[in-house]
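The values are calculated or read from the model by the stated rules, or taken from the named source; none is laboratory data. Just so it is clear, the structure is predicted and the values come from calculations on it, not from any experiment. Counting neighbours? That spans all protein chains shown, and the Cβs are built from the backbone with ideal geometry, glycine included. Just the protein is used for accessible areas: all its heavy atoms, side chains included, with ligands, DNA and RNA removed. Shrake-Rupley method; radii C 1.70, N 1.55, O 1.52, S 1.80 Å.
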Amino acid sequence: MSGDNPAQEQRFHGSGVSPGIARGVVHVVRDDQDDVARYRIQPNQIAAEIGRFEAALIQTRAQILEMQQKIAEAIGAKDAGIFDAHLLVVEDRTLIDEVLRKLEAEHCNVEWIFQEVATQYADTLSKIDDPYLRERALDIQDVTRRVVRNLQGKAPKAFLALAEPHILVAHNITPSDTATMNSSLVLGLATDLGSRTSHTAIMARSLNIPAVVGLHDITGKLESGQQVLVDGHNGVLILNPTPDTLWHYGELEHRKGQVAEQLTGLRETVSTTRDGRHIVLSANIELPNDIEAVARNGAEGIGLYRTEFLYLNRSTLPSEQEQFETYKCVAETVLPHPLIIRTFDLGGDKLAGTIDTSDELNPFMGRRAIRFCLEHPEIFKPQLRAILRAAVSGNVKIMFPMISGLHELRRAIAMLDECKAELKREDSSFAADPDVGAMIEIPSAAISADSLAPEVDFFSIGTNDLIQYTMAVDRVNERIAHLYEPTHPAVLRLLKAVADAAHAHQIWVGVCGEMAGDLALVPLLLGLGIDELSVGATLVPRVKRAVQSVAMPECQQLVQDVLQLDTPSAILERCAAVAQSHYPELFL
Ligand code: PEP
Ligand code: MG
């Protein structure tokens, strides 16, 4: 910014992590590291230093628990869980033992030693290229400041006791800061550090405060008292917004408000194209708790229930009875709509402590999903039995993941038949003939879809995996994320082959990968003949709006056009143009 003209507008770009627009006066908080003096102690004072250290850790723990309680009451237990990471720091044996070792070796005051050890620990973590570990480094810094203040006998820092509404700008905003700030006066947040998964982002979203993080040195560039606008949608902070900019944002806010209102009104409507074709629009869920959002967003049931989440974060396998009760409850809640239960897909990036799927060089191509299940009937059959029993209470369908070909599909169906026979012998109540589907997410299955179709009642295309296997691009590797292209001509041809094979055998075909929720690609999927789209619940209203805005002939024409194109970007551009022309308001 030119110093001569303080009113000049300037834009800074970061990541928009909490949507919304806020304008107001900046309050910049610079990290004021508390000065920690270093002084020598006598050997006979070591025990007293250890005592002071232990007392400070206990006091810090109590303060964290108190903050956790406060946050839980204000915004809910889920967000207060962030403080669990802070509690782990005060209980970290490696850190504490290193402090005690140095105290014996160096004979210095414990606040100095603790600050040294903890800072080194945090520095090491922050240098590792892993967002999770970088967050842990920030947790350690936050807790370190608190422990040091307690050792110094100072009151905990009350972060931001400002009395006026303001935009808070800081190097980083920690969970403790959020707990002590008066959030009703914080109009927006902007920080040097942070990412989508950073605590600032999580808290800002919970508190509904527009936020832009990862602005590098924004604390060095702004001064308290300046006027800014925070655009949490696009990740922009605008210093000294001009009247034109303010007008533009005023309009945008107004229009976004209108779109949000219209989308709420869609809840009870059906996802039918302008020319009357009904596309079933369902939701994906991971946990039974997600179910509340399904009806709230107007989905027609559940198109993908990722049951493997039942197996994660626990030390024992879920029993048949536990699974039965869970599936029954979900099935009853979504009635009369269908619940498609995907049998568990462990392996790849989803590892359960109870099941050994991890020891492989190439886990995404390893003993994953149905491959593991077929090798372990003692684990797979209780799930199949639980599903068959729960299907009595609802509109339940079963779907097998990672099917690569006919043999595997037939073995899975045979195991399901064995379970039916067992239940019959036991005189248990079960659904004799629930619909069975195959996920199509491996290129071999897509290419041979015509041989799979006669064996099942439906296909559901898992584009997340289908794209990664088609293009040999690991779906969780951020370094090659730019190579992961849903509009690659090869992907399109596979989708077309699957849809055509399904219809040739009179079965329906859905898409339950993330591609189904990509608004630019909805007309393409409809044009390919996809009958069902299953997306994250919060996306349902937008996808419904997209479906309602188009007519089938123009979607089919789009497919004809893009099949002639040979690059992913050209195909994407063409799809985006059609989508933008029909529902531009969703791209605001
Ligand atoms: C997919 O692969 O597209 C899919 C829906 O399954 P998951 O993301 O659970 O692998
Ligand atoms: Mg998959």
Give a residue-ordered list of calculated ³J(HN,Hα) values for the range 211-221 (Karplus: 6.51 cos²θ - 1.76 cosθ + 1.60, θ = phi - 60°; whole Hz; x for Gly, Pro).
9, 10, 10, x, 8, 6, 9, 5, 5, x, 9
The range 339-453: percent of C-alpha pairs farther apart than 24 Å?
27
Efficiency by 1/(1 + (r/R0)^6): what FRET value for residue 570 and residue 418, r their Cβ-Cβ distance, R0 = 56 Å, to the nearest 0.05?
0.65
A 26 angstrom limit on the alpha carbon distance is what I want to check against. Which of 102/154; 328/544; 256/397 exceed it?
328/544; 256/397
For the range 436-448, take each phi angle, set θ = phi - 60°, evaluate the Karplus expression 6.51 cos²θ - 1.76 cosθ + 1.60, and give the result in whole Hz per residue in order, putting x for glycine and proline.
10, x, 10, 7, 10, 9, 10, x, 4, 5, 5, 5, 9
Any GluC sites (Glu not before Pro) in the range 376-469 that lie in a DSSP loop and have at most 14 other Cβ atoms within 10 Å would be 426
Relative to the present Cα-Cα distance, how much length would full extension add between residue 538 and residue 40 at 0.36 nm per residue of separation?
173.4 nm
Amide H within-cut-off set for residue 211, under 5 Å, with H built and near neighbours excluded:
17, 18, 189, 232
Amide H to amide H under 5 Å from residue 396: which residues, 5+ apart in sequence or cross-chain, H placed 1.01 Å off N in plane?
339
Quick one: Karplus J couplings for the range 457-470, per residue in order, coefficients 6.51, -1.76, 1.60, θ = phi - 60°, nearest Hz, x for Gly and Pro?
9, 7, 10, 10, 8, x, 5, 4, 7, 4, 5, 5, 6, 5
Please calculate how many Å² of accessible area the range 378-457 carries per residue, with a 1.4 Å probe and no DNA, RNA or ligand atoms counted.
38
Say R0 is 51 Å: what FRET efficiency, to the nearest 0.05, do residue 47 and residue 182 get from their beta-carbon distance?
0.75
Given the C-alpha atoms of the chain, compute the convex hull and give its volume per residue in Å³.
182
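Compute the convex hull volume of the Cα atoms of the range 270-587, divide it by the residue count, and report the result per residue in Å³ as a whole number.
That works out to 128 Å³ per residue.
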Relative contact order for the range 43-152, counting Cα pairs under 8 Å that sit 6 or more residues apart, in percent:
32
For helix 131-151, report the angle its Cα long axis makes with the longest principal axis of the Cα atoms of the chain; keep it between 0 and 90° and round to the nearest 10°.
30
So how exposed is residue 496, as accessible area in Å² (1.4 Å probe, rounded to 10)?
60
At R0 = 56 Å, how high is the FRET efficiency between residue 259 and residue 100 if r is their beta carbon distance? Nearest 0.05 is fine.
0.45
Would you mind calculating the relative contact order of the chain from Cα pairs under 8 angstrom and at least 6 residues apart, reporting the percent as a whole number?
13
For the Cα atoms of the chain, what angle does the longest principal axis make with the long axis of helix 93-106, in degrees from 0 to 90, nearest 10?
20
Using a 1.4 Å probe over the heavy atoms of the protein chains, calculate the carbon and sulfur portion of the accessible area of the chain as a whole percent.
52
What number do you get for the range 66-147 when its Cα radius of gyration is normalised by 2.2 N^0.38 Å, N = residues?
1.23
Compute the angle between helix 46-75 and the longest alpha-carbon principal axis of the chain, please, reported from 0 to 90 degrees and rounded to the nearest 10.
50
Just the accessible area for residue 38, please: 1.4 Å probe, Å², rounded to the nearest 10?
130
